[in-house]
Amino acid sequence: MSVVGLDIGNENCIIAVAKQRGIDVLLNDESKRETPAAVSFGEKQRFIGSAGAASATMNPRSTILQVKRLIGRKFNEPGLEKELKLFPFETFESPDGGILIRLQFMGEVHEFTPVQILGMLLSHLKQIAEKNLEMPVSECVIGIPSYFTDLQRRAYLDAAAIAGLKPLRLLHDCTATALGYGIYKTDISNSSPVYTVFVDIGHCDTQICIALFETGQMKIISHAFDCSLGGRDFDEVLFNHFASQFKERYNIDVFTNIKASVRLRASCEKLKKVLSANAEAPLNIECLMDEKDVRGLIKREEFEKLSSDLLERITVPCRKVLADSGLTLDKINSVELVGSGSRIPAITRILASIFNREPSRTINASECVARGCALQCAMLSPIFRVRESDYYWFHFPALQACPGGWSFLGVQDSLPLSIGFSSDKGPVCTLSNGVLFPKGHPFPSVKILTLHRTNMFNMEAFYVNSNELPSKLSPQINTFTVGPIQCHINMAKVKVRVQLNLHGIVKLDSAVLIEDQLDNSVTTNDPHLTSEEVEDKSDRISSVENIAQVSDNSQSEPPSCPGAGVARRGKAVKRLEIPISESVCDGMKRDKIAKAEEKERWLMQQDLKMEQTKDKKNALESYVYEMRDKILNAYRSFANESDREEISRKLQQTEDWLYEDGMDETENVYVEKLEDLKKLVDPIENRYKDEEARVQAAKDLLK
Ligand code: ATP
Ligand code: K
Ligand code: MG
């Protein structure tokens, strides 16, 4: 078993693995470090990753790109329609209000959820990792945008389950970057804490965080983001510019033609990259539309002018992250710029002006998220922890300075969106608006609520501040039903453990009914019965182990409620577990996941069958070419003329067949054809080999 970190980008995915000698990035089948996030459905099989991206322009309506944008979203969500228009594939509303993707595959119409497509992508990455490492992979840490809602996080876990992966943590992209950066830092001490800003500009989004590094620990102070501002938007600026130019100049409207717009978008992305290194860049596309070749040229200056609104927008989350952190600019030690979308030179200029210093590019801009995730996975994985002291000590110099080591402290993240709770009786806690976990609260985290209830009740978790939410998403998170409650007296309270877990998902861990059979005089003095209250356990939570610890302790916690029926200081206290159910049952319901897993297995088999068929066809083809040459040369004297003629004829026949009727046959047919040919050629080949062996033996004798 290995521990891996996965960065699922809107454009590129990266797989990193923690090894004894450090963190490595794995190569895919094309020996590339980045694998395109593309899933394409062909006539007979799927093409995923690099092969998927290669089909994008040929088969745009059945090629899914940027599936991450669709995960856990509702079809009618404000702003989604505009986004869907950018995609050449067909989407519609599913019965539960989500998104379904409809496409042609193997001659039939198929429908898939975004979770299924993400599952396919994850499964592909898992295969790459397993092939590379020559061992099974299941434990992983997956990077996610910090603005992901509870529902999106759950959807990621579902997709991972479909792919047979077990995420130990969903880790915010910027947190992963910060971890991978901090672990190599040697200039950290308690007396001089280091504050670093990380800016990640990807294909579709911009994420920023401020991290605090102190001896032996890393704390994220604040997160900010613009969830729809990335490299893609700059492509769109160029796309619109050239589309309108071509309308005028060539009288073609690419908006009306899917293939043409896919091709123009792809060319604009290339052009944008050229502009990062050159003052001007040309655009040439042959036969774009109506058999017209198009040409264009743009100067960097003009591109920057066209993108000025986008550039200005980058400043918004930058200011926000600073304001939320409560830090002044002079406290910031450095600004690290990552994400390939940030390679546009004007972006560096804008950031330099906001942060009053040139941003550094000391981190590998495309691999940092995956590397940080792999490191976190190694820290969390029981498999890896066994060797942790050696591992961390030798590979990460920063740890040599801190006796406890980071691995014990874990990574403290900061909650990006405030979460509140309400119950049938209104907000359940003392902070304003029912806020239980305010934005910026450290997590993972646990809080224990004490409520006065004698009957079954509902608790609702929600995002408190809709301004913090990306677009205008629904603030609902989940409804938890606590009960039924079998309560015999009215002096009862319910203690509810609320967890904000490692993935940033809200869970009700447990609910316990506590019946205090007190005499009246004690009752009036018991502060628990005068108000509903919140106990914050967050300080004690910083890693999986600690959470487990707290939940173990909770058997004897809080001190006022020992085991059922135990009498203490004259009062009898009864403690009863109350069942809890959720309305959002771990995203997709279990059977839905099981069905999706089954479908994924079937699709994988189908792909495998097609790959094997291709291999057999190739084997037959190369045999034909190889033997045609040999029969005329090396084997010539080992066969009589009529045999040679017969074989040549058969080889020619097979070649012709391969290009006509045999172009698209099943695996077995190719295997049989090859065997038939071999029956003819083998006797000759054997005579040749025997002779070779005799010659060799004679040579050996002479030595
Ligand atoms: P996301 O983080 O949004 O999920 P991602 O992680 O796949 O996406 P990255 O790989 O960080 O995104 O960045 C991809 C973006 O970077 C694309 O828009 C791409 O065009 C852009 N990009 C790559 N190289 C350059 C370059 N040299 N100049 C400008 N932009 C570039
Ligand atoms: K990426
Ligand atoms: Mg990214």
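The values are calculated or read from the model by the stated rules, or taken from the named source; none is laboratory data. Since this is a predicted model, take the numbers as computed values, not measurements. All Cβ positions, glycine included, derive from the backbone under ideal geometry; neighbour counts span all protein chains shown. With ligands, DNA and RNA removed, areas are computed over all heavy atoms of the protein, side chains included. Shrake-Rupley method; radii C 1.70, N 1.55, O 1.52, S 1.80 Å.
In a residue-by-residue description of the stretch 382-389, the property of being under 30 Å from L165 (Cα atoms) and either crowded, with 18+ Cβ neighbours inside 10 Å or in contact with a Gly (Cβ under 6 Å, 6 or more places away or on another chain) (or both) applies to at least one position.
Across the stretch 1-31, the qualifying residues are those that are under 26 Å from L103 (Cβ atoms) and open to solvent by 60 Å² or more (accessible area, probe 1.4 Å), and the one among them that is farthest from ligand 1 (Cβ to nearest atom) is D29. Exactly one residue out of L306, L297 is more than 20 Å from C174 (Cα to Cα), touching a Pro at 6+ places or on another chain (Cβ under 6 Å), open to solvent by 20 Å² or more (accessible area, probe 1.4 Å) and more than 16 Å from ligand 3 (Cβ to nearest atom): that is L297. Restricting the search to strands (runs of 3 or more DSSP E) fully inside the stretch 412-456 and requiring at least 1 residues that are buried (at least 19 other Cβ atoms within 10 Å of the Cβ) and among the polar types (S, T, N, Q) gives 419-423, 445-451. Restricting attention to the stretch 208-223, the residues being surrounded by fewer than 24 Cβ atoms within 10 Å (Cβ to Cβ), closer than 20 Å to L502 by Cβ and not small (G, A, S) number 4. Taking every residue in the stretch 250-273 that is more than 17 Å from A56 (Cα to Cα) and pairing it with any residue that is open to solvent by 30 Å² or more (accessible area, probe 1.4 Å) and within 16 Å of ligand 3 (Cβ to nearest atom), at least 6 positions away or on another chain, the pairs with Cβ-Cβ distances below 8 Å are K273/R343.
Among the residues of the stretch 586-623, write down those that are open to solvent by 70 Å² or more (accessible area, probe 1.4 Å) and of a type in the set (D, E, K, R). Residues satisfying the conditions are K589, R590, D591, K592, K595, E598, R601, K609, E611, K614, D615, K616.
The residues of the stretch 179-211 that are modelled with pLDDT under 95, of a type in the set (A, V, I, L, M) and within 16 Å of ligand 3 (Cβ to nearest atom) amount to a single one, L179.
Every residue, every condition in (1) modelled with pLDDT of 95 or more; (2) hydrophobic (A, V, I, L, M, F, W, C); (3) assigned to a strand (DSSP E or B); (4) at positive phi, yes or no:
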| position | (1), (2), (3), (4) |
| --- | --- |
| K272 | yes, no, no, no |
| P282 | yes, no, yes, no |
| C287 | yes, yes, yes, yes |
| G296 | yes, no, yes, no |
| E302 | yes, no, no, no |
| L310 | yes, yes, no, no |
| P317 | yes, no, no, no |
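Of the set (1) surrounded by fewer than 16 Cβ atoms within 10 Å (Cβ to Cβ); (2) free of Cβ contacts under 8 Å to residues at least 12 places away in the same chain, all apply to E90 but (2).
Scanning for something within 16 Å of ligand 3 (Cβ to nearest atom), hydrophobic (A, V, I, L, M, F, W, C) and in contact with a strand residue (DSSP E or B) (Cβ under 9 Å, 6 or more places away or on another chain), does the stretch 77-96 turn up at least one residue?
Within the stretch 77-96, not a single residue is within 16 Å of ligand 3 (Cβ to nearest atom), hydrophobic (A, V, I, L, M, F, W, C) and in contact with a strand residue (DSSP E or B) (Cβ under 9 Å, 6 or more places away or on another chain).
Of K85, K68, all but one fail to be out of contact with any Asp or Glu (no Cβ under 8 Å at 6 or more places or on another chain) and either open to solvent by 50 Å² or more (accessible area, probe 1.4 Å) or not assigned by TED's automatic domain parsing to the domain that holds R169 (or both); the exception is K85. Just checking, does the stretch 98-112 include any residue being among the aromatic types (F, W, Y), in contact with a helix residue (DSSP H, G or I) (Cβ under 7 Å, 6 or more places away or on another chain), more than 30 Å from T175 (Cβ to Cβ) and away from ligand 1 (no atom under 14 Å from the Cβ)? Yes, that holds for at least one residue.
Taking the stretch 236-280, which residues are more than 19 Å from A53 (Cα to Cα), open to solvent by 40 Å² or more (accessible area, probe 1.4 Å), of a type outside the set (V, I, T) and within 12 Å of ligand 1 (Cβ to nearest atom)? Selection gives A277, N278.
Within the stretch 195-207, which residues are away from ligand 2 (no atom under 16 Å from the Cβ) and open to solvent by less than 10 Å² (accessible area, probe 1.4 Å)? Steps first, answer last, please.
To start, the set of residues in the stretch 195-207 that are away from ligand 2 (no atom under 16 Å from the Cβ) comprises 195-197.
Residues satisfying the conditions are T196, V197.
Look at (1) modelled with pLDDT under 95; (2) under 30 Å from M120 (Cα atoms); (3) open to solvent by 50 Å² or more (accessible area, probe 1.4 Å) and you find that R636 fails only one, number (2).
When you scan the stretch 350-375, how many residues do you find that are away from ligand 3 (no atom under 16 Å from the Cβ) and in a helix (DSSP H, G or I)?
At the first step, the residues of the stretch 350-375 found to be away from ligand 3 (no atom under 16 Å from the Cβ) are 350-360, 362, 375.
Then keep just the ones that are in a helix (DSSP H, G or I); that gives 350-355, 375.
The number of residues fulfilling the criteria is 7.
Filtering the stretch 124-144 to residues that are of a type outside the set (A, V, I, L, M) and surrounded by fewer than 23 Cβ atoms within 10 Å (Cβ to Cβ) leaves K126, Q127, E130, K131, N132, E134, P136, S138, E139. Pairing each residue of the stretch 352-377 that is charged (D, E, K, R) with any residue that is open to solvent by less than 30 Å² (accessible area, probe 1.4 Å), provided the two are 6+ apart or on different chains, yields C-beta distances under 6 Å for E358/A352; R361/L337; E367/I14; E367/V25; R371/A16; R371/I23; R371/G180.
Do we find that L151 is open to solvent by less than 10 Å² (accessible area, probe 1.4 Å) and within 20 Å of F443 (Cβ to Cβ) in this structure?
Details: open to solvent by less than 10 Å² (accessible area, probe 1.4 Å): no; within 20 Å of F443 (Cβ to Cβ): yes.
For L151, the condition - open to solvent by less than 10 Å² (accessible area, probe 1.4 Å) and within 20 Å of F443 (Cβ to Cβ) - is not met.
For the stretch 210-244, how many residues meet the condition of being in a helix (DSSP H, G or I) and in contact with a strand residue (DSSP E or B) (Cβ under 6 Å, 6 or more places away or on another chain)?
Let us first name the residues in the stretch 210-244 that are in a helix (DSSP H, G or I), namely 231-244.
Retained after the next criterion (residues that are in contact with a strand residue (DSSP E or B) (Cβ under 6 Å, 6 or more places away or on another chain)): 242.
Selection size over the stretch 210-244: 1.
The residue that is nearest to ligand 2 (Cβ to nearest atom), counting only those in the stretch 176-193 that are open to solvent by less than 10 Å² (accessible area, probe 1.4 Å) and touching a Phe, Trp or Tyr at 6+ places or on another chain (Cβ under 9 Å), is T177.
Okay, residues lined up against (1) modelled with pLDDT of 95 or more; (2) within 16 Å of ligand 3 (Cβ to nearest atom); (3) within 18 Å of I64 (Cα to Cα):
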position: E11; (1), (2), (3): yes, yes, yes
position: D24; (1), (2), (3): no, no, no
position: P36; (1), (2), (3): yes, yes, yes
position: G42; (1), (2), (3): no, no, yes
